[in-house]
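I have placed the structure first, in the form of C-alpha cells, so that the comments after it can refer back to it.
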Amino acid sequence: MFVPAHITGFFRIFKDKDFLKTGSTGAGITLNKGVYTTIKVGNGNIYFNDKKINLSPTREVMNYFNVGSYDVIHSSDFPLGSGLGTSGSCALGTAYEIFKTIGIYRWSNNYNNEPVKAAHIAEVKCGTGLGDVIAQHTKGFVIRKSPGFPINVEKVKVDNNHYVVVEILGEKETKNIINNQQWVEKINKTSDKLLIKLLKNPTLKNFMDLSFYFAETTGLISDEILEICRDLKFTVGASQAMLGNTLFCICKKEDLNDVLSILKNPIVCKIYM
Ligand SMILES: Nc1ncnc2c1ncn2[C@@H]1O[C@H](COP(=O)(O)OP(=O)(O)O)[C@@H](O)[C@H]1O
Ligand SMILES: CC(C)(COP(=O)(O)O)[C@@H](O)C(=O)O
C-alpha cells in the first residue's frame, strides 16, 4: 500500500478529549513520493527502510487492531522527522494493510473510514500529527475546514504541470511543537484568518503566499530556509514544510532548472492526486 507524503503549509491546532475531534485545520499538498507499507505474519516487529525500529504511530495502529502477530515493513522515500507526514504515511499504510488482511468482517457493523480513524488516533496519541492522515486519505491540494472527524475538506482542482521541489535540511520532532502551549498559541493566533483567505481564493499561489506568511510570522521558519525562499521568488512560491526543517517550492516546468541550480540536494516531486 502506497500512502503519499503530505506537506502542510499552514495549520491551526484543535485539542479535544476525544481523539477523533482533535486535529487541525489548514492546507497542504500530497506528493507522488511517500511510504510503501506491507505486512506479513511475524512477531510484531516494525521495519523502516530495512531498520527494525519501534515507530510509535505504527505500533499504536497495530494495538488498535489488536494484531500482534504481524510484522510491518515500511519503505519510505523520505526520512522520519522531515515535516513530510512520513509518520502519517506509516500509520495510514499500516491501518489499510491490516484492515485488508484481517478483512472487514470484524468491523462490518461499524465500518466507516475505520483505517483512517485508526491512523488519525495513532498520530494524535503519539503527537506526530494532527491533520496529515486526513489529507493523505483525501490526496491532492487539500484544504481542511474542520479538525478530525467527521471529515470536512475541500479538494482543490490543480493542473498537472506544477513541480514540488523539496530540500530536507535536518530533522524536527513534531511533538516538541504541538505539545508546547506557547507554540500552540502562536500558531493559532497566526493562522486564525488564513483558512478563510485561502477558501476565498483557493489557488496554489495564494496557498504558498499564506504558507510563507505563516512560517515567517510564527517564527517557525529557519533563517537558512528564509534565505533560500527569497532566492526562489520567481516561482509559484517557497516556504518551510510544517513541521520540519525542510524547504518546499512549487514551480512551473519552465522554472524547474533554475530552481535546481539554487538548491543543493533537491528532490523533485509532483502533486499526487
Ligand atoms: N529511529 C527511530 N526509532 C523509533 N522512532 C523514531 C526513530 N526516528 C524517528 N522516530 C519517530 O518518528 C516519528 C516522526 O514523526 P514526526 O516528528 O511527526 O515526523 P514526520 O514529519 O516525518 O511525520 C516521531 O515519533 C519520532 O520519535
Ligand atoms: C503540521 C502537522 C501538525 C505535523 O506534520 P508533520 O510534521 O509532517 O507530521 C500536521 O499533522 C498537520 O496537522 O497539518
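One table, with the values for the structure above:
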item: Selection count, segment 93-128, where residues are outside any helix (DSSP H, G or I), on the phi < 0 side of the Ramachandran plot and at pLDDT 90 or above; result: 1
item: Any hit, segment 197-211, residues being within 16 Å of ligand 2 (Cβ to nearest atom), at pLDDT 95 or above and over 17 Å from the mean Cα position of the chain (by Cα); result: yes
item: Residues of segment 245-263 that turn out to be surrounded by fewer than 22 Cβ atoms within 10 Å (Cβ to Cβ) and within 23 Å of the chain's Cα centre (by Cα), as a count; result: 3
item: Where F78 falls short, out of the listed (1) within 13 Å of the chain's Cα centre (by Cα); (2) of a type in the set (F, W, Y); (3) at pLDDT below 95; result: (3)
item: Count of segment 35-48 residues which are loosely packed, with under 14 Cβ neighbours inside 10 Å and either part of a loop (DSSP other than H, G, I, E, B) or without any contact (Cβ under 8 Å) to a residue 12 or more places away in the chain (or both); result: 2
item: Qualifying residue in segment 26-34 (condition: in contact with a helix residue (DSSP H, G or I) (Cβ under 8 Å, 6 or more places away or on another chain), surrounded by fewer than 19 Cβ atoms within 10 Å (Cβ to Cβ) and either of a type in the set (D, E, K, R) or not assigned by TED's automatic domain parsing to the domain that holds Y163 (or both)); result: no
item: In segment 231-241, residue surrounded by the most Cβ atoms within 10 Å (Cβ to Cβ) [restricted to those that are in contact (Cβ under 8 Å) with a residue 24 or more places away in the chain and in a loop (DSSP other than H, G, I, E, B)]; result: A241
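So that you can scan it fast, the table gives a plain yes or no per residue for (1) over 29 Å from F65 (Cα atoms); (2) assigned by TED's automatic domain parsing to the domain that holds F78; (3) part of a helix (DSSP H, G or I):
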| position | (1), (2), (3) |
| --- | --- |
| L130 | no, yes, no |
| A135 | no, yes, yes |
| S146 | no, yes, no |
| V164 | yes, no, no |
| N176 | no, no, yes |
| V184 | yes, no, yes |
| F207 | yes, no, yes |
| Y213 | yes, no, yes |
| T217 | yes, no, yes |
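Yes/no matrix, rows are residues, columns are (1) surrounded by fewer than 14 Cβ atoms within 10 Å (Cβ to Cβ); (2) among the aliphatic types (A, V, I, L, M); (3) over 23 Å from N32 (Cα atoms):
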position	(1), (2), (3)
N161	yes, no, no
V164	no, yes, no
L169	no, yes, no
N180	yes, no, yes
T203	yes, no, no
D209	no, no, no
G219	yes, no, yes
L243	no, yes, no
I267	no, yes, no
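Residues checked against (1) more than 12 Å from ligand 1 (Cβ to nearest atom); (2) within 16 Å of the chain's Cα centre (by Cα):
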{"position": "V124", "(1), (2)": "no, yes"}
{"position": "G129", "(1), (2)": "no, yes"}
{"position": "Q136", "(1), (2)": "no, yes"}
{"position": "K139", "(1), (2)": "yes, yes"}
{"position": "P147", "(1), (2)": "yes, yes"}
{"position": "D159", "(1), (2)": "yes, no"}
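The values are calculated or read from the model by the stated rules, or taken from the named source; none is laboratory data. The shown structure was predicted, so the numbers you read here are calculated from the model rather than taken from an experiment. Note: ideal-geometry Cβ built from the backbone for every residue, glycine included; neighbour counts use all protein chains shown.
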